[in-house]
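Colleague: Once you've had a glance at the structure underneath, I'll fire off some questions.
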Amino acid sequence: MWKDKDVSVVLMTYAERDSIRDVIERFFATGYVDEVLVVDNNAQLGTKEEVGKTAARLVEEPTQGYGHATRRGLLEARGELIVVAEPDGTFRPEDITKLLVYSDECDVVFGTRTTRELIWAGANMEFFLRWGNWAVAKLIEALYNTSHLSDVGCTYRLLRRDIARDIAATMEVGGNHAGVEVMLLTIVSGARFVEVPVNYLPRVGVSSVTGKPLKALHVGLRMIELVLRFRRHAPRRLARAPAFEAPHASSAGDDAHEQLPL
């Protein structure tokens, strides 16, 4: 729980049997997580058994694809704050506090893996992936006139439940580039968002996407196509979150200040 708000963590799993149990237990160990929801997206044999050794809740999404699994998780999670992450060991569950801190002021908090000082030795963030994610993020920032963005592929994110439900109801992408759609839907909705750096570690096992350069390139091109197509259909003037107002001193406070001795 975070400031009287229940916190759910959603983990979509396909090929993370060897790391998922440790990730679940470490999220619970933070003391902030009330629920870990695992979305079984036709996961490899033995994954259910590993999840069953923990306090996590398991749901199945038979339609293959990261987007389909994400949508199911956003709809099923019970917490007022919903954190989406990977169960492959690339993210530190302890970094959840970075996201939670900003949830006090923002509807959505995006993680970014492109901060050089937080990329661990052996992590799959070589030149092509790092600068490719940065370039697409900057394309979005320019086309949509947004706040700072530097990583479209980071799946460590927090969404308030109301915006999570709205996004899930609107999602159309079922494949691996669905994370960009979530980002774009957040932007055009006018939700208040911010990006924060998170640690990025070596993966346990081999990724079904970024572990293969040609497939990673294909996903990147689909991301760019989605960004451009989405912009064509977005409103000319995008919704914007209202600015915060500066607090005003009370009249009592002013009087008290005037009565201070010289």
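The values are calculated or read from the model by the stated rules, or taken from the named source; none is laboratory data. Here the structure is a predicted model, which is why all the values come from computation and not from measurement. Glycine also receives a Cβ, built like all others from the backbone with ideal geometry; neighbour counts cover every protein chain displayed. All accessible areas refer to the heavy atoms of the entire protein, side chains included, with ligands and DNA or RNA removed. Shrake-Rupley method; radii C 1.70, N 1.55, O 1.52, S 1.80 Å.
Colleague: Counting alpha carbon pairs within less than 8 Å and at least 6 residues apart, what relative contact order, in whole percent, applies to the stretch 113-228?
Modeller: Answer for the stretch 113-228 is 38 percent.
Colleague: A further question on this structure: What is the chain's relative contact order, in percent, from Cα pairs under 8 angstrom and six or more apart in sequence?
Modeller: Answer for the chain is 22 percent.
Colleague: Please quote Rg/Rh for the stretch 110-231 to two decimal places, taking the Kirkwood radius as Rh and restricting both calculations to Cα atoms.
Modeller: Ratio of gyration radius to Kirkwood radius: 0.94.
Colleague: Same structure again: Give me the accessible area of Phe128, 1.4 Å probe, in Å² rounded to the nearest 10.
Modeller: Accessible area, nearest 10 Å²: 110 Å².
Colleague: Cα centroids of the stretch 1-20 and the stretch 140-218: how far apart, whole angstrom?
Modeller: The two parts, judged by their Cα centres, are 16 Å apart.
Colleague: Ok, one more. What FRET efficiency, computed as 1/(1 + (r/R0)^6) with R0 = 30 Å and r the Cβ-Cβ distance, is obtained for Leu238 and Lys3, rounded to the nearest 0.05?
Modeller: So the FRET efficiency works out to roughly 0.50.
Colleague: I've got another one for you. For n ≥ 4 DSSP H runs only, could you compute -39500 (n - 2.57) per run for the chain, divide by its residues and tell me the 222 nm figure to the nearest 500? All intermediate terms of the calculation are to be shown ahead of the outcome.
Modeller: Values: 9 runs with 104 residues, N = 262.
Roughly -12000 deg cm²/dmol at 222 nm, from the helical runs in the chain.
Colleague: For Asn42, which sequence-distant residues (separation of 5 or more, or a different chain) have an amide H within less than 5 Å of its own amide H, given hydrogens modelled in the peptide plane?
Modeller: Glu61
Colleague: Set the Förster distance to 35 Å, then compute FRET efficiency between Arg229 and Leu75 from the Cβ-Cβ distance, nearest 0.05. If you can, show how the numbers build up before the last one.
Modeller: Values: r = 25 Å, r/R0 = 0.70.
Using R0 = 35 Å, I get an efficiency of 0.90.
Colleague: Right, another one. Quick query: amide H of Asp6 versus all other amide H atoms, modeled in the peptide plane; which residues come in under 5 Å with a sequence gap of 5 or more or a different chain?
Modeller: When sequence neighbours closer than 5 places are left aside, the close amide H contacts are Glu80, Leu81.
Colleague: Within the set Lys48/Lys138; Lys53/Lys98; Lys98/Lys138; Lys48/Lys215; Lys5/Lys48; Lys5/Lys53, which residue pairs have Cα atoms separated by over 30 Å?
Modeller: Over 30 Å Cα-Cα: Lys48/Lys138.
Colleague: Okay, moving on. What does the accessible area of Trp131 come to, in Å² to the nearest 10, when a probe of 1.4 Å is used?
Modeller: 100
Colleague: If you don't mind, another one. Working only with C-alpha atoms, what are the Rg and Dmax values of the stretch 10-155, expressed in angstrom?
Modeller: Values for the stretch 10-155 (Cα only, Rg and Dmax): 15.8, 46 Å.
Colleague: Using a Gaussian network model on the chain with a 10 Å cutoff between Cα atoms, which of Asn42, Asn176, Asn145 fluctuates the most?
Modeller: Fluctuation is largest for Asn145.
Colleague: Please report, to two decimal places, log10 I(q)/I(0) for the chain at q = 0.10, 0.11, 0.17 Å⁻¹ as given by the Debye formula with identical point scatterers on the Cα atoms and no solvent.
Modeller: -0.50, -0.59, -1.41
Colleague: Relative to the longest principal axis of the C-alpha atoms of the chain, give the angle of the C-alpha long axis of helix 161-170, reported between 0 and 90° and rounded to the nearest 10°.
Modeller: The two axes meet at around 50 degrees.
Colleague: Would you mind telling me which residue in Glu195, Glu141, Glu49 has the biggest mean-square fluctuation in a Gaussian network model of the chain, where springs connect alpha carbons within a distance under 10 angstrom?
Modeller: Judging by the Gaussian network model, the answer is Glu49.
Colleague: Mean-square fluctuation check for the chain, GNM, Cα pairs under 10 Å: which of Arg72, Arg240, Arg130 is largest?
Modeller: The residue that fluctuates most here is Arg240.
Colleague: What are the ³J(HN,Hα) couplings of the stretch 175-190, residue after residue, when phi is run through the Karplus curve with 6.51, -1.76, 1.60 and θ = phi - 60°? Round to Hz, x for glycine and proline.
Modeller: Per-residue couplings from phi come out as x, 6, 8, 5, x, 5, 4, 4, 5, 5, 5, 4, 5, 6, 6, x Hz.
Colleague: Give me a comma-separated list of calculated 3J(HN,Hα) values for the stretch 108-115, in order, Karplus coefficients 6.51, -1.76, 1.60 applied at θ = phi - 60°, integers in Hz, x for any Gly or Pro.
Modeller: 9, 10, 9, x, 9, 9, 8, 6
Colleague: Would you grab the residues whose amide H sits under 5 Å from the one on Val196? Only those 5+ places off in sequence or on another chain, please, with H modelled 1.01 Å from N.
Modeller: When sequence neighbours closer than 5 places are left aside, the close amide H contacts are Phe110, Gly111, Thr112.
Colleague: Next up: Explain nothing, just the number: dipole magnitude of the chain about its Cα centre with +1 on each Lys and Arg Cβ and -1 on each Asp and Glu Cβ, in debye rounded to the nearest 20.
Modeller: With Lys and Arg at +1 and Asp and Glu at -1, about 1120 debye.
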